[in-house]
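To keep things clear, I will list the structure first and then write my remarks on it.
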2 protein chains.
Amino acid sequence: MGLFSNLPPEVSVYEVSARDGLQNEAVTVATTRKVRMIDALVDAGLSRIEISSFVSPKWVPQLADAEEVVRLMPRREGVTFSALCPNVRGLERAKASGIEEIGVFISGSETHNLKNVNKSTVDTLAVFSDVIGPAVEAGIKVRGYVSTVWGCPFEGEVDPKKSLAIAEQLLAEGCYQVSLGDTIGVGTPVQTRDIIELFLASVPPEAVALHLHDTRGTALANVLVGLEMGIRTFDAAVAGLGGCPYAPGAAGNLATEDLVYTLNGMGIETGIDLEKLWRAGQVAEAIIGRDLPGKVHRAGVRSLRS
Amino acid sequence: MGLFSNLPPEVSVYEVSARDGLQNEAVTVATTRKVRMIDALVDAGLSRIEISSFVSPKWVPQLADAEEVVRLMPRREGVTFSALCPNVRGLERAKASGIEEIGVFISGSETHNLKNVNKSTVDTLAVFSDVIGPAVEAGIKVRGYVSTVWGCPFEGEVDPKKSLAIAEQLLAEGCYQVSLGDTIGVGTPVQTRDIIELFLASVPPEAVALHLHDTRGTALANVLVGLEMGIRTFDAAVAGLGGCPYAPGAAGNLATEDLVYTLNGMGIETGIDLEKLWRAGQVAEAIIGRDLPGKVHRAGVRSLRS
């Protein structure tokens, strides 16, 4: 067979609930509650956590308290916090906050990028030239996000070669890793194989992460493809936070619990305690005040006998 | 890579919503509404549909109208209807109804079998000796179900060798296919590979189907493993019907829409029209009167741009 003959002993889970999740909620969560949720995630063993965004509060009022979240989060050895950073103004805020990592974001689709940040991808990359290098010089790690790699809500299919060219530029500028986003959760496994194959022809596997939304239930199947092909970092959000508040019931990010449950079952270490993670999901649900869609979140973990 | 180098041009989807789904609902659905749902499934292109069960109405009152459902369903060329059949009394009812296929069911876990049918697996197999052969002689196809192959709600892990021995006996008695059930949805991909590897060492792949519940979100990932290993029949339920009515929000069967969406994306033909299937899921939700969990069901199919 050969199937799963090359599984890694461990993979890295990148937790995005406090940013990608909360920015899509209709409600703005109080700062102290965000801190409680993030602390529960740290307690569960997550060591890479995106905790907010230094975008303008006018764009994303849900995350207007970025500095306060960074200030209030207790630091722990081995845990990296990050926040999104769209431009030089964001970098200044990031530096002042003392955060150790930032994320820059751009879309593989021209239309989506325009709608998202009101700039062409060329202009966005030009902005990043004043962000990535200076951040790295200031001792701040930079992660890149390329969204809509699997498909765009406005353009439909997008050519992954465009996403690859963007990713290569982000890495050349100093990003240590680029996270490829299936932003609208349309990806299926053969497509995922083709995209990863294209990227790995010119980018080392450790520089690639998958950021999969579970809108059509395919996220874990696509993770499996990534695992088989050498990808070792996967983004996820506790309890499947994310999605669109204007489409009730629509699924958000791949749920961290579902990912960790699956990896555990495959004998792959993540450093995460699934039961504590499940409790962090309960905290998330309580502070957000709506049912969250993660499957393990809903089924429970205390006993697998149900 | 080799990944997906051996995908089939088509796979067979076995629809179980009208039995495995409805028997787990707290409400009993009116016969005419069941017929409307099944008809919508036929209209979507499903050609193998389990429509009821000839178990005692005392055990499963939700399916007490089995004869009436069989009688009312318009027959179409190329569409096979089936119903579960626990014993000789059930076979008599099946024969009288004119249904073309029956399913016999047994558990790989001794405790689960005892709780489910109040018999040991040995005694259950003895009952089947008076069902399978006589059914085949009467021109009725017989499919076998072995449940709890991945894990048991009472025993925890179960030895798949026991499920294999049962499956081999069912096939020897005359079943044309055995459907292996992850009844409580605990399966993860390496385990699935190991189980399939064990089965395919002594059973031809066309005699094996996978019946996966999506309780922890792993069903599609496990389908992918099955596809890679040569399995060509997958059970599913429209909109993810099934699950336990006593655990609100708990996921049921793998949703047919999610399966078909994924297979379509992989270029694998099923004969099913996804948009019509989605509409059948709307019918199912309307007649059952609760939100159903399928992901594509909730996200919609008309536009993939959301």
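Bear in mind that the values in this text are calculations on the coordinates, not laboratory data. Fair warning: this is a prediction, and the values are worked out from it, not measured in the lab. Cβ atoms come from the backbone with ideal geometry, glycine included; neighbour counts cover every protein chain shown.
Bridge orientation summary for segment A:130-249: considering DSSP beta bridges with both residues in this region, about 10 percent are antiparallel.
Membrane-span-like helices in chain B, defined purely by DSSP H runs whose alpha carbon atoms cover 18 Å or more axially and whose average Kyte-Doolittle hydropathy reaches -1.0, are B:31-44, B:160-173, B:274-288.
Taking the alpha-carbon centroid of each part, what is the distance from segment B:36-104 to segment A:1-60 in angstrom? Using only Cα atoms, the two centres lie 47 Å from each other.
When residue B:286 is represented by a point 7 angstrom out along its Cα-to-C-beta vector, the spacings to that point in the other copies are 4.1 nm, nearest first. Sorted shortest first, the separations between the residue B:57 label point and its copies elsewhere in the assembly read 6.7 nm; each point sits 7 Å from Cα along the Cα-to-Cβ line.
Considering only A:254, A:219, A:289, the residue lying farthest towards the positive end of the dipole of segment A:12-299 is A:289, judged by Cα position with unit charges set on Cβ. Relative to one another, the C-alpha centroids of segment A:146-170 and segment A:171-201 are positioned 8 Å apart. The slack in the chain from residue A:176 to residue A:162, taken as 0.36 nm per residue of separation less the alpha-carbon distance, amounts to 3.1 nm.
Percent antiparallel among DSSP beta bridges with both residues in the protein assembly as shown, to the nearest 5? In the protein assembly as shown, DSSP labels about 5 percent of beta bridges as antiparallel.
Annotation for segment B:39-137: trypsin sites (Lys or Arg not before Pro) lying in DSSP loop with at most 12 further Cβ atoms inside 10 Å of their Cβ are B:58, B:75, B:76. Here chain A is treated with +1 on each Lys and Arg Cβ and -1 on each Asp and Glu Cβ, and its dipole about the Cα centre works out to around 680 debye. Which residues does a label at residue B:59 reach in segment B:89-121, if reach means a backbone N under 13 Å from a point 7 Å past the Cα toward the Cβ? Counting backbone N atoms under 13 Å from the label point, the list is B:89-91, B:103-107, B:113-121. With the label put 7 angstrom out from Cα along the Cα-to-Cβ vector, residue A:72 ends up 5.7 nm from the copy partners, going from closest to farthest. In this structure, residue A:111 and residue B:206 have a Cβ-Cβ separation that, at R0 = 41 Å, corresponds to a calculated FRET efficiency of about 0.35. If we count every other residue with Cβ under 10 angstrom of residue A:125's Cβ, Lys/Arg +1 and Asp/Glu -1, where does the sum land? Net of charged neighbours comes to -1. Mean residue ellipticity at 222 nm, helices only, the protein assembly as shown: -11500 deg cm²/dmol; runs of at least 4 DSSP H residues each add -39,500 (n - 2.57), and the sum is divided by the number of residues. The chain A residue nearest the rotation axis shared with chain B, using its Cβ and rounding the distance to whole Å, is A:221, 2. Calculated FRET efficiency, residue B:77 to residue A:68, Cβ-Cβ distance, R0 = 51 Å: about 0.15 to the nearest 0.05.
Taking other residues whose beta carbon is less than 12 angstrom from the beta carbon of residue B:192, and scoring Lys, Arg as +1 and Asp, Glu as -1, yields -3.
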